Every structure is written in C-alpha cells, then in structure tokens.
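Structure record follows, encoded as structure tokens.
Bear in mind that the values in this text are calculations on the coordinates, not laboratory data. Worth saying up front: this structure is predicted, and the values here are computed from it rather than measured. Cβ: placed from backbone, ideal geometry, glycine included. Neighbour counts: every protein chain shown.
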Amino acid sequence: MGVIATKPCWTVDRMGFRLLTFVVQVFQGYGAEVTDISVSYRKRFLVTSVSSDAHMWNLVFLQLLLEERDGDVTNLGICVPDEVIIDECLRSRPDVVVVSTVNGHGHIDGLRLIRKLRAVPELADMKVVIGGKLGVKGAENAKYSAELVANGFDAAFESSTGLAAFESFLGSIRSKPRTAVLAASVPTAADLVSHELVAAGSPA
Amino acid sequence: MSAPTIAARAPQTTVTPQSTTSSQTTAASQTAQPRGRFSRFVSQARQQGRLVVQPRMGFGEIAQMRAGLDAVRDSHATAIGTITVDSYTRVNDHESARRALAAGSDLNGFPVVAHGAEQTRRLLAGVSGEQFPVQFRHGSALPYELFQALVEVGADATEGGPVSYCLPYSRVPLARAVAAWAECCRLLADRPEPMHLESFGGCMLGQMCPPSLLIALSVLEGMFFREHGLQSISVSYAQQTHPEQDLEALAALRRLAGERLGGMDWHVVLYTYMGVFPRTAVGAFRILEDSVRLAVRSGTERLIVKTPAEAHRIPTIAENVDALEFSAAVAEDEAGKFGGAPAPFSDTGIYEEARMLIDTTLEYGDTVGSALVTAFARGHLDVPYCLHVDNANRSRADIDSRGRLRWSDPGAMPLRALVGGERTSKTSAFGLIDMLGYNERRFDREQLVGGHLKGLR
C-alpha cells in the first residue's frame with residue numbers, strides 16, 4: 001500500500017486509492033466472512049439413539065467428539081421414541097441430527113424413524129445421518145447403509161475400521177450441504193466404541 | 001413405614017483413614033436368619049466356605065432355556081440358576097415378544113409374561129429346588145407386570161432397583177420409577193414364601209463410576225427395599241479397575257450393609273467386570289479369575305460371572321458352564337490359599353465417602369424413595385456420564401496413573417474435601433475411549449504380546 005501511495009501520478013494514485021479501497025473492502029468482506037465462519041461453525045448437533053437402543057457410552061463419546069469439534073450438542077440419550085426426535089427437530093432445528101445405534105436394530109428403527117421424519121414437510125431437508133452397528137450380521141451390515149440412505153438419511157456409517165469418514169463428513173457439512181454420502185463399511189465415531197460397548201450396555 | 005433415621009451430616013474434612021482393617025467377619029454375623037430357599041442356599045454355601053456362582057443366561061424358547069438351567073445345575077460348581085428376561089419384556093412390550101415367539105425369531109432372553117406363568121412354572125418344574133434356586137434377571141424400570149408373573153410362578157429371586165434400572169437403561173422419570181418399584185416391592189413382600197431381591201446399584205453404567213457412589217446406591221436401594229417390606233435382599237458391587245480398591249470397596253459395602261440393613265437377611269453379590277470386556281480368551285479368563293479371587297478374599301457370598309464370548313456375542317450354554325466351572329476351581333484355590341481370612345488393604349476412605357453420601361441423601365426426604373428423587377434432582381447424587389434427564393450429569397470420574405477410579409469432578413456432590421479438591425482436566429472424547437478400554441487393554445496384553453506363551457515353552 002505504501003508503494004502505491006508514494007506514486008506521484010494522479011491516475012496511478014487514484015488507481016492506488018481504488019486498489020486500496022478494493023483491498024480494504026475485500027479484507028473487510030473476508031473479515032466478515034471469517035467472523036461468519038467462526039460463528040456459524042458452531043454447528044448445532046442433535047445426538048440421539050433409536051427407540052429400542054439403551055446403549056449410552058457411544059452417545060457420551062459422540063457428544064464429547066462433536067463438542068471438541070466446536071459443536072453445540074443436545075443429547076437426547078437412549079431409547080428415544082421417534083416422536084421425541086421429530087418434536088426436538090421441529091423445536092430446535094439443529095444443523096445436523098446424528099443418530100447412533102449399536103444394538104443391531106438400527107436398520108429397523110432407523111428406517112422407520114427417517115421415513116416418519118422426512119414425511120414432516122419442515123424436516124424434508126434437515127441433515128440427518130446414522131451410524132453404528134446397523135444390524136446383527138457383522139460385515140453384512142454394509143447392505144443396510146444403501147437402504148437407509150435411499151430412504152432419506154444423508155449418510156449411513158456402518159462399523160469397521162476408523163473415524164475418518166465421519167470426520168470428513170463433519171468437515172463437508174458447510175461446503176456440500178445436500179450431498180448424500182454413502183460410506184458403507186466406514187465407521188462413525190460411535191462405531192469406534194460400539195463393538196466393545198455392547199457388553200457394557202447390557203443390564204442385569 | 002416410619003421415616004428412616006437421619007444421621008448427622010458427616011464432617012467432610014476429618015477423614016481419618018484407618019490402618020489395614022476390615023470388619024467383614026463381624027458384619028456377616030449381623031444378618032438375620034436366611035428367609036426363602038435362595039437365601040438358604042447362599043447361607044449354606046458360605047458356611048461350607050464355598051463361593052456361589054451364577055451365570056447370565058436367557059433364551060426365548062422354553063426347551064433351550066430348560067437345557068441351560070439343567071446344564072448349570074449339573075455343572076461342577078456351587079451354582080444358582082439364572083433366567084435373563086428379554087428386551088421386549090423389560091419395556092413391557094409383551095405383544096412384540098409374543099409375535100417373536102410365534103414367528104420363531106430369536107429373542108435375547110426369556111419372555112416371562114409372554115410365555116405366561118403356567119409355561120414358566122413348567123420350565124422350572126423338576127429343575128429348580130432347594131438345591132438349585134433360580135433368579136430372574138431383567139433390566140426394567142417399570143417391572144410390575146413382570147413381578148406379577150414372578151409372584152404367580154413362585155420365583156425364588158429377582159433383582160434391579162428404582163435407581164439402578166431407571167437411570168442407565170430407561171427414559172422413565174426417576175420419581176415414576178421409584179413409585180413403581182415401591183408397588184413392585186410390595187408384590188414380592190406380600191408373598192407367603194419371601195422372594196429374594198438383589199439391588200443392581202453396584203453397577204451404574206457398568207464402568208467409570210467410583211466405588212463410593214456404587215456402594216451408597218446399593219445400600220440406599222437395600223434400605224428402599226426394606227422400607228417396602230422386603231426381608232431378604234442382596235447388595236451388589238461390580239469389579240472395577242484396581243483389585244485393592246475393589247477389596248476396600250467390598251469391605252466398605254459389607255460394613256455399611258451391616259450398619260444400615262441390620263435385622264435383615266442380606267448378603268453381598270459381586271459382578272465380574274461389566275464394562276468393555278477383554279477380547280482374547282486369556283484376557284477374558286484372567287479378568288474372570290481376578291473377580292473370583294476378589295470375591296473370595298473379600299468374603300463375598302455370590303458372584304455373577306461373564307464368559308470369554310462376552311466381547312463378541314451372547315454366550316452359549318457350554319461357554320456359560322465353562323465359566324462357572326473355571327470360577328469354582330479358582331474359588332477353591334483361593335480359599336485354600338487364604339483360609340477364609342479377609343485380605344488386608346490400605347484404606348483410602350471409601351467407607352467414609354459412601355457413608356456420608358448415604359447419610360446426607362437421607363436428609364432430602366421422609367422416605368428413602370423421596371430422598372433419592374430429591375437428591376438426584378439437586379445433583380447431590382450424580383452418576384458420572386449418565387445422560388438420563390433426572391441425573392445432573394455434572395460429575396466426572398477418571399482412572400489415575402495407578403489404575404484407581406477417582407472423582408475428577410464431583411459436580412454438586414459433597415465430595416470435594418474427600419477427593420483433595422483438585423479437579424483434573426476435562427475428559428476428551430478419545431481420553432474417554434482410552435479409559436473405557438483400560439481393562440480390555442490390561443487383560444488382553446498377555447495374549448496379544450504373548451509373554452506367557454514364551455514362559456510355557
């Protein structure tokens with residue numbers, strides 16, 4: 001800027017002024033953009049289990065993970081009836097709903113939930129993902145992901161090896177708001193703990 | 001029932017750790033005569049110096065459930081039978097259980113109500129008896145229908161509790177669960193042959209709950225049971241991360257049960273680790289072995305075992321029998337080594353902390369039930385990490401460098417002075433995963449690293 005300002009030529013100086021103004025505007029705009037990003041980057045997450053699943057540690061882990069990623073988390077906890085999830089979505093309009101389930105009924109309860117949820121016009125575009133042990137068939141559970149996404153989930157993360165797919169999904173929320181991510185055989189955060197936590201979640 | 005005696009609030013700054021002592025032997029003699037064949041069996045075994053072992057076992061079909069009970073009865077162990085109830089029955093969805101039975105679908109337990117009292121009696125006939133009592137285990141916050149069926153069947157025993165089956169496993173408001181359990185206790189108490197009732201309070205979320213709160217909740221549930229007419233009960237504790245800490249915890253539980261449940265017929269039951277379980281066979285048997293030795297050294301009467309299948313799937317009948325016979329053999333070995341004398345431990349103040357939690361909780365209400373409801377509403381009792389809306393969920397626990405469970409943040413519980421007042425840093429997501437897998441890593445190392453195999457060559 002100093003270089004431009006020292007140019008004696010009026011036109012250049014004028015150009016320089018314009019350039020400076022432009023730069024400032026850009027920076028102001030960028031600054032505003034940065035502020036926007038940091039404000040809106042605190043995504044509001046709704047974490048929930050499905051109606052028949054009483055496993056809790058996967059939900060505790062997910063909440064911590066999303067909070068560490070600067071999210072605001074409402075955690076509905078275990079055994080959540082479909083209506084409670086839908087009411088909470090209508091009330092608080094979270095940016096993302098993360099359904100975590102490890103009891104093997106995810107492909108049944110999750111399917112019923114997403115059909116009901118998508119039938120509510122206000123929630124047709126809400127971002128909703130599901131992850132965990134979606135069935136009781138181990139590696140064969142991958143087949144449920146396609147069905148769940150076809151019925152309205154934005155992504156379905158069936159368990160196997162790591163957290164990367166869910167993390168990259170979190171990173172993509174802003175840039176690709178409506179891209180359906182089908183990540184069969186790639187686990188969610190919950191999944192990382194799901195397998196081991198089956199025993200830990202059973203009463204009696 | 002009159003209001004419970006309210007003891008003075010324990011001073012929070014004058015914890016005086018006692019030297020290595022325990023009052024197990026004196027406390028045991030304070031229990032009343034055994035009532036009912038469940039308690040008689042446990043009492044006889046104790047007199048003979050044998051640990052009672054019990055599986056977790058439940059199948060939907062009558063024939064398979066019967067085969068399981070027969071196998072446990074015929075095992076080489078001093079065993080009590082278990083019928084674990086399925087998930088549908090736990091939430092009173094008996095219609096779904098009936099449909100599953102009709103369709104021949106697998107259930108994860110025995111649907112008592114769907115099968116009905118007549119069928120359940122037939123299941124028990126010829127297998128349960130004075131030498132083989134059977135307990136029904138469930139997980140229901142609202143077990144009225146289940147308990148009605150159990151009364152009709154004439155069951156020997158069941159378990160649970162207004163807090164321990166509400167906060168970790170249901171969305172039922174705590175006040176509602178407390179009211180329901182009060183009625184349910186009455187059902188059991190009004191029966192001519194008393195049914196035994198075990199508190200599940202020693203196992204909140206399976207892991208990461210420090211001993212003092214587990215003990216306090218188990219004893220408080222025991223007092224609740226007494227308030228509602230039960231005469232024969234057991235208090236529980238689940239194996240955690242450090243054997244000596246567990247030994248101290250079991251001594252504290254026994255001492256407090258002796259003090260607060262005087263005149264009742266009671267005993268202590270230990271659960272083999274209820275958290276993330278080792279995946280290797282060696283690791284799984286080793287943690288089971290540790291829990292058996294812990295039971296024997298602490299003078300615990302009854303142990304509920306786990307199997308090496310635990311980390312992977314529902315165990316088979318044979319796997320359950322293996323775990324019971326292995327436990328019986330380890331118990332005999334341990335009893336031979338220690339001769340029944342309680343093992344020493346260094347006192348870290350678990351007894352004082354648990355007693356203070358019990359006494360101060362009772363100040364919150366005229367009955368144990370109302371005190372529990374208000375104490376949780378105020379965060380005076382607060383189960384770490386538990387998401388139930390009636391739990392404050394402000395307290396946090398972690399595992400210290402020596403492997404002991406401790407409060408990292410007691411929330412609003414009156415524990416600061418007892419834990420040294422110093423909060424540790426907030427648990428991270430992966431820090432939590434690390435702690436949840438602490439025992440899994442500890443016990444799997446042996447087989448995964450293979451050191452023991454080298455020693456065998």
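Here are some notes:
- 10 °C / 1.306 mPa s Stokes-Einstein diffusion coefficient of the stretch A:87-152, Kirkwood radius on C-alpha pairs, µm²/s: 129 µm²/s
- Expected-Rg normalisation [2.2 N^0.38 Å, Cα atoms] applied to the stretch B:218-368: 1.13
- Members of B:Lys337/B:Lys426; A:Lys133/B:Lys426; A:Lys116/A:Lys143; B:Lys306/B:Lys337; A:Lys116/B:Lys306 lying beyond 31 Å, as alpha-carbon distances in this model show: B:Lys337/B:Lys426; A:Lys116/B:Lys306
- Ratio Rg/Rh [Cα only; Rh per Kirkwood] for chain B: 0.94
- With a 10 Å cut-off around each Cβ of B:164-172, the average count of Cβ atoms from other chains is 4.
- Over chain B: helical MRE at 222 nm, DSSP H runs n ≥ 4 each giving -39500 (n - 2.57), nearest 500: -14000 deg cm²/dmol
- Residue by residue, the stretch B:168-173 carries 3J(HN,Hα) couplings of x, 10, 8, 9, 5, x Hz when phi is fed to the Karplus relation 6.51 cos²θ - 1.76 cosθ + 1.60 (θ = phi - 60°); x denotes Gly or Pro.
- For the stretch A:40-172, averaging the sequence separation of C-alpha pairs within contact (under 8 Å, six or more residues apart) and dividing by the residue count gives a relative contact order of 23 percent.
- Diffusion coefficient of the stretch A:40-172 by Stokes-Einstein, Kirkwood radius over Cα pairs, 25 °C, 0.890 mPa s: 169 µm²/s.
- Residue mean of other protein chain beta carbons inside 10 Å, A:46-56: 3
- Listed values for the stretch A:43-60 are Karplus-derived 3J(HN,Hα) couplings in whole Hz (6.51 cos²θ - 1.76 cosθ + 1.60, θ = phi - 60°), namely 5, 9, 9, 10, 9, 8, 8, 9, 4, 9, 9, 9, 7, 10, 5, 4, 6, 4, and x replaces Gly and Pro.
- The residues packed around B:Tyr88, meaning those with a beta-carbon under 14 Å from its beta-carbon, carry a net charge of -4 if Lys and Arg are +1 and Asp and Glu are -1.
- Neighbour-count order for A:Asp53, B:Asp190, fewest beta carbons within 10 angstrom listed first: B:Asp190, A:Asp53
- When the GluC sites (Glu not before Pro) in the stretch B:99-178 are filtered for DSSP coil states and for at most 10 other beta-carbon atoms within 10 Å of their beta-carbon, the remaining sites are B:Glu130.
- Residues whose amide H lies under 5 Å from that of B:Ala238, counting only those 5 or more places away or on a different chain, are B:Tyr271; hydrogens are built 1.01 Å from N in the peptide plane.
- Taking other C-beta atoms within 10 Å as the exposure proxy, B:Arg406, B:Arg302 rank B:Arg406, B:Arg302 from fewest upward.
- Sorted by Cβ neighbour density within 10 Å, fewest at the top, the residues B:Leu214, B:Leu101: B:Leu101, B:Leu214
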